[in-house]
1. Based only on Cα atoms, what mean projected area does the convex hull of the range 68-194 have, in nm²?
2. Choose one of N179, I109, H131: the residue whose Cα lies farthest towards the positive end of the charge dipole of the range 86-187 (beta-carbon charges +1 Lys, Arg; -1 Asp, Glu; about the Cα centre).
3. May I ask you to compute the full-extension gain from M171 to K411, defined as 0.36 nm times their residue separation minus their alpha-carbon distance, rounded to one decimal in nm?
4. Going Cα to Cα from K411, which lysines come in below 19 Å? Please leave out same-chain ones fewer than 8 positions away.
5. Need one word for the range 304-411: rounded, prolate or oblate. Basis is the Cα gyration tensor (sqrt eigenvalues a ≥ b ≥ c); a/c below 1.5 gives rounded, then a/b vs b/c decides.
6. Give me the aspartates and glutamates in straight-line cross-link reach of K147: C-alpha distance below 20 Å, same-chain residues under 8 apart excluded.
7. Of all beta bridges DSSP finds with both residues in the range 19-159, what is the antiparallel percent, to the nearest 5?
8. K59 versus K363, label points 7 Å from Cα toward the beta carbon: distance in nm?
Amino acid sequence: MKTIAFVSCLVAVPGLASAATCDTLAASLKLTNAKVTVATAVTSGQFTPPPAGGADAPKAITNLPAFCRVQLTLTPSSDSDIRSEVWLPLNNWNGKCQQVGNGAWAGSIQYGALAEGLRRGYATASTDAGHTGTDASFAVGHPEKLKDFGYRAVHETAVQSRQTITNFYGMAPKLSYFNGCSGGGRMAFQEMQRFPADFDAILAGAPGYNRVNQSVQMLMNAKATLDNPASFIPPAKYAVVHRAALDACDAQDGLKDGLISEPLSCRFDPGVTPCKAGDAPTCLTAPQGEAARKIYAGVRHPKTGELIFPGLEPGSELNWGGPAGGPEPIAVGSDLFKSVVFKDPKWDFRKFDLARDFDAVHKIDSLDLSPTSPDIKAFVARGGKLLIYQGWGDMNVAPKSTVAYYDNVVKTIGQKQVDESVRLFFAPGMAHCGGGEGPNVFDALTPLEQWREQGKVPASILATHSTSGKVDRSRPLCPFPQVAKYKGTGSIDDAANFICGSAKSDVQSTR
């Protein structure tokens with residue numbers, strides 16, 4: 001996934017950023033509850049990340065400008081061991097910093113994202129969120145480490161990296177950006193809500209901000225298809241459900257193009273493909289159809305009827321392997337129950353009873369894991385800009401949860417402030433943080449930069465789809481609730497033939 005700033009921000013500071021300065025940084029930089037463990041100049045144009053436990057040997061990252069690699073250890077509590085890195089361009093620093101986020105429970109430095117930021121001229125920072133690994137086992141018996149993961153590691157990295165940058169260049173960064181998707185989007189929301197002065201602009205993709213309720217939904221999706229063998233939907237049938245969803249909802253935006261651009265108004269029942277004489281590859285049995293309905297419906301509290309978390313959208317079916325394909329629920333969700341709620345690595349998801357166990361789930365919940373507050377007045381009051389993006393075909397973070405957050409922000413701070421400071425873009429056919437049938441490759445950082453630095457409000461974002469390395473479709477992504485509207489002539493695979501506007505009710509023929 002993947003500048004024009006203030007004039008003073010773009011001028012490199014001669015004589016201060018050098019390999020020699022980098023080599024002495026560990027001794028010269030004095031930090032609070034933190035220390036520089038290593039500072040090394042990397043001038044070869046490539047960098048090979050350290051191997052992660054149990055993973056294949058990492059490949060070298062190439063085409064890198066010369067930089068100073070600073071490794072930090074942060075200890076805001078007696079049980080904290082947060083590792084962070086800051087990459088500082090030795091030449092042509094753009095005067096800004098960018099911090100990048102982590103997905104799921106990831107406890108690792110995000111080297112690819114660091115490299116992207118470095119190539120754009122940023123001083124760039126990343127953290128392992130206070131642990132090593134990809135699950136939540138670190139949290140058992142370590143409440144301070146859970147706080148580090150929840151919000152503290154990102155904030156401490158922001159504070160200490162800014163001090164590192166200031167020391168190295170002799171000037172503070174003029175602007176600070178945060179860029180993350182999924183779990184990184186959750187990190188972005190934590191920063192915006194808890195520490196509104198840390199970043200001037202935030203790019204949040206597919207924000208899994210309601211970690212606890214989202215984990216309940218992930219668990220119930222798996223139970224819908226795995227509790228009863230008769231309910232299991234074979235992956236080969238995902239295409240059957242997907243075709244039926246397209247038949248029902250593709251044309252609602254006025255164009256039959258193989259994409260559902262307005263799923264919120266789609267009324268689709270997977271029961272339209274019933275098996276009439278036993279099971280068959282081209283239909284759903286009654287139990288399979290009911291399981292599909294549960295995936296679309298989301299999860300409601302069995303006692304109160306209150307919506308706990310919304311379901312997936314029509315158009316997401318080809319991506320159901322993770323949510324419903326088993327043999328276990330999506331790990332990011334089940335790990336919450338194993339390591340945080342029940343503290344039992346052998347916990348069996350099939351024993352979960354929503355009516356009985358939901359209160360137990362929320363006894364552990366707090367804003368540490370789920371930054372759900374829509375009150376972002378402090379962030380926008382200082383000129384902060386928030387750009388959110390997501391795919392309508394997202395199979396991990398239900399898109400309606402993002403819509404709900406956006407709507408709550410409008411209710412809380414008012415439409416005027418939202419129009420000035422917040423934009424939400426949905427990509428039809430895109431899966432989680434990328435991929436999928438629809439145009440799913442785009443640069444959302446540049447529009448955010450132009451918005452924060454030049455006052456140019458992002459009216460659309462150009463997205464492309466490629467097959468075998470060749471672009472075969474482009475579309476504008478439009479600010480919610482607008483959609484891309486076909487002008488009526490020209491190829492439907494060319495973004496130039498679309499404008500952003502309200503939905504059409506008439507169906508145009510494809511071209």
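1. Working: hull surface 28.5 nm².
Convex hull of Cα atoms, orientation-averaged projection: 7.1 nm².
2. N179
3. Working: separation 240, 0.36 × 240 = 86.40 nm, distance 3.92 nm.
Going from the current span to full extension adds 82.5 nm.
4. Partners within reach: K377, K385, K400.
5. Working: a/c = 2.13, a/b = 1.41, b/c = 1.51.
Because a/c hits 1.5 or more and a/b fails to exceed b/c, the range 304-411 counts as oblate.
6. By straight Cα distance, K147 reaches D79, D81, E85, D128, D135, E156, E191, D198, D335, D344, D365, D368.
7. Numbers: 22 of 25 bridges.
Approximately 90 percent, going by the DSSP bridge assignments.
8. Reported label-point gap for K59 and K363 is 4.8 nm.
No lab work stands behind these numbers, since they all come straight from the coordinates. What you see is a predicted model; the values in this text were computed from it and never measured. Heads up, the Cβs are rebuilt from the backbone with ideal geometry, glycines too, and the neighbour counts pull from every protein chain shown.
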